[in-house]
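The values are calculated or read from the model by the stated rules, or taken from the named source; none is laboratory data. Just so we're clear, the structure is a prediction, and the values are computed from it rather than from any experiment. Methodologically, a virtual Cβ is constructed for each residue, glycine included, from the backbone with ideal geometry; neighbour enumeration extends over all protein chains shown. Calculation scope for accessible area: heavy atoms of the full protein, side chains included, ligands and nucleic acids excluded. Shrake-Rupley method; radii C 1.70, N 1.55, O 1.52, S 1.80 Å.
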Amino acid sequence: MARPRAATYDDQREQILAAAAQLFASRGYTASTMNEVAAACGVSKATLYHYVRDKHDLLAQITRGHVARLAALVDAVAAQQLAPEPHLRELIRRFMQVYAHAQHEHRVLTEDVKFLAPDDRAAVLAAQRRVVVAYADAVAALRPELRPARMHKPLAMLLFGMINWTFTWLRAGGALSPAALGSVVADLFLHGLPAVALPASAGAAVPPR
């Protein structure tokens, strides 16, 4: 009979995944060892293997968990049944919030998915495609005439290009918060540069030219 899991199992697992994601993001997945992962997580190596089979399984859990959260956001926004423009704005806002608190997981997803086993990589890529389709459909809802020419998909990818790499330069506690940046991205994408307003939080940090 299998030993029942402790009540703290899920919390401990999430802490391990978060610490491992930070290590992979800073040191690199291939360069990181399981000894280093255990040290980063503050657990013994034996305890670490209670939660993951090996380093490949650890990477799979990090990436699959991250894309699952993004897919869940897509579903949550869809359930609100918003008009097309508020719907796309809400998608952008929520994704920026997630990225602000999952910078390490997002770096691992964007840089290390190629190291996943084929089945895990296929599952992660399928979830990513689902998210992209949701954004493309949101763009098409605003501009339905773009769908026959399939322009809604390239536009969705351009939008992802605006937000997916913010973790490389946006600093926590900086003048521009993720929420403020989400509004900037939405305004820029939907209405162009003239529509972008200076966020109140950034006003004091922008020097005159």
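So how do 20-26, 149-155, 138-144, 181-187 stack up, highest first, on mean other-Cβ count within 10 Å?
Details: 20-26: 22.4, 149-155: 14.7, 138-144: 17.3, 181-187: 20.4.
Ranked from most to least packed, the peptides come out as 20-26, 181-187, 138-144, 149-155.
Equivalent-ellipsoid semi-axes (√(5λ), Cα gyration tensor) for the stretch 50-209, whole Å, largest first?
Details: eigenvalues 162, 98, 34 Å².
Over the Cα atoms of the stretch 50-209, the semi-axes work out to 28, 22, 13 Å.
The dipole here belongs to the chain: it is taken about the Cα centre, uses +1 on the Cβ of Lys and Arg and -1 on the Cβ of Asp and Glu, and is about 200 debye. Once you reduce the stretch 75-120 and the stretch 42-65 to the center of their Cα atoms, the two points are 23 Å from each other. Computed in the context of the full set of protein chains, the accessible area of the chain at 1.4 Å probe radius has 58% of its extent on carbon or sulfur. Using a cutoff of 8 angstrom between alpha carbon atoms and counting only pairs six or more residues apart, the relative contact order for the stretch 79-209 works out to 30 percent.
Per the helix-only calculation at 222 nm, which mean residue ellipticity applies to the chain, given -39500 (n - 2.57) for every DSSP H run of n ≥ 4 and division by its residues, nearest 500 deg cm²/dmol? Write down the numbers at each step before the final one.
On the way: 9 runs with 138 residues, N = 209.
The helix-only estimate for the chain comes to -21500 deg cm²/dmol at 222 nm.
Averaged per residue, the stretch 24-106 has 46 square angstrom of accessible surface, using a 1.4 angstrom probe with ligands and nucleic acids left out.
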